[in-house]
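Bear in mind these aren't lab numbers, they're just calculated from the coordinates by the rules spelled out. Everything quoted here is computed from the prediction, not taken from an experiment. For neighbour counting, all protein chains shown are included, and Cβ atoms are generated from backbone atoms with ideal geometry for every residue, glycine included.
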């Protein structure tokens, strides 16, 4: 639970860091999935293996993408032609040619460490 709270605080901080009106929390748009195992071979969470995956979009994803430096940009081999992918640690943000942006991050709820949040 502490990891989820830490992640939430980090996302709120990143979203608010560029806000001209100071530290004012904003709504977060996205989805989550609880699972065990790996993303490609996931199962029902257990007491010994539980992870949460977040898919963030909207304004929060746009601000996350913009705050990840261009140095983090990688070729996007999973998405269609023209997509731009930025990766920092276990955070990935993908920008489609039409401008929509999605960001992904996972958290291992047993260790509190981040894990990769998306697969092809």
Quiz item: If you average the sequence gap of Cα pairs under 8 Å that are 6 or more apart and divide by the length of the stretch 43-120, what percent do you get for the contact order?
Solution: 34 percent
Quiz item: Label-point separation (nm) for residue 32 and residue 98, each offset 7 Å from Cα along Cα-to-Cβ?
Solution: 2.9 nm
Quiz item: Roughly how many nanometres apart are two label points built 7 Å out from the Cα toward the Cβ at residue 88 and residue 39?
Solution: 1.8 nm
